[in-house]
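Structure first, commentary second.
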Amino acid sequence: MLRVSPATVWRWIPAGKLPAHRVGPRSIRIEKDDIEAMIRPARAKEVPMKEKEPLQAVTQEEIARRETLVARILSKRKERVIAPLTTADPVRRVREERARS
């Protein structure tokens, strides 16, 4: 009826998602109304969509600010290596340092 494994049902009971009544050391009973409550539709009513905010025009000042930022990032990129090192890079550096000394 629920199309889930028995283990899932057993997990739902202690989690409080599915009420059950113990009727012996190894038996439980679940009321039909509780099972029907578990299989209700995920969306009981239609959810209205948010209205999108209209896009605002980008000012020349904002364009200049963004261009300056991009130029700064690109200049920093030339100064430093951003790519991650592989394990071979540190080994090569150590060998070069040892060769110099």
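Arrange 13, 39 by Cβ neighbour counts within 10 Å, fewest through most, would you?
Ordered from fewest to most neighbouring Cβ atoms within 10 Å, 13, 39 come out as 39, 13.
If amide hydrogens are placed 1.01 Å from N in the peptide plane, which non-local residues have theirs closer than 5 Å to the one on residue 18?
It is 13, by chain and number.
Could you state the angle between the C-alpha long axis of helix 88-100 and the longest principal axis of the C-alpha atoms of the chain, as a value from 0 to 90 degrees rounded to the nearest 10?
30 degrees
Work from the charge dipole of the chain (Cβ charges, +1 for Lys and Arg, -1 for Asp and Glu, about the Cα centre) and give the residue of 14, 55, 87 farthest towards its positive end.
87
In debye to the nearest 20, how big a dipole does the chain give about its Cα centre with +1 on each Lys and Arg Cβ and -1 on each Asp and Glu Cβ?
Using Cβ point charges on Lys, Arg, Asp and Glu, the chain gives about 620 debye.
Which of the three applies to the chain, rounded, prolate or oblate, going by the alpha-carbon gyration tensor with a ≥ b ≥ c and a/c under 1.5 meaning rounded?
oblate
List every residue whose amide H lies under 5 Å from the amide H of residue 28, counting only residues 5 or more places away in sequence or on a different chain, with H placed 1.01 Å from N in the peptide plane.
23
Which lysines, on any chain, are close to residue 17 with Cα under 19 Å apart, when same-chain ones fewer than 8 places away are left out?
32
For segment 65-79, what does the Karplus curve 6.51 cos²θ - 1.76 cosθ + 1.60, with θ = phi - 60°, yield as ³J(HN,Hα) per residue in whole Hz, taken in order and with x for Gly and Pro?
So the J values, rounded to whole Hz, are 4, 5, 5, 4, 5, 4, 4, 5, 5, 5, 5, 5, 5, 6, 6.
Would you order 77, 26 from fewest to most other beta-carbon atoms within 10 Å of each residue's own beta-carbon?
Final ranking by Cβ density, sparse to dense: 26, 77.
Read the figures in this text as sums done on the coordinates, not as results from a lab. Source: prediction; values computed, not measured. Because the Cβ atoms are built from the backbone with ideal geometry, glycine has one as well, and the counts that use them run over all protein chains shown.
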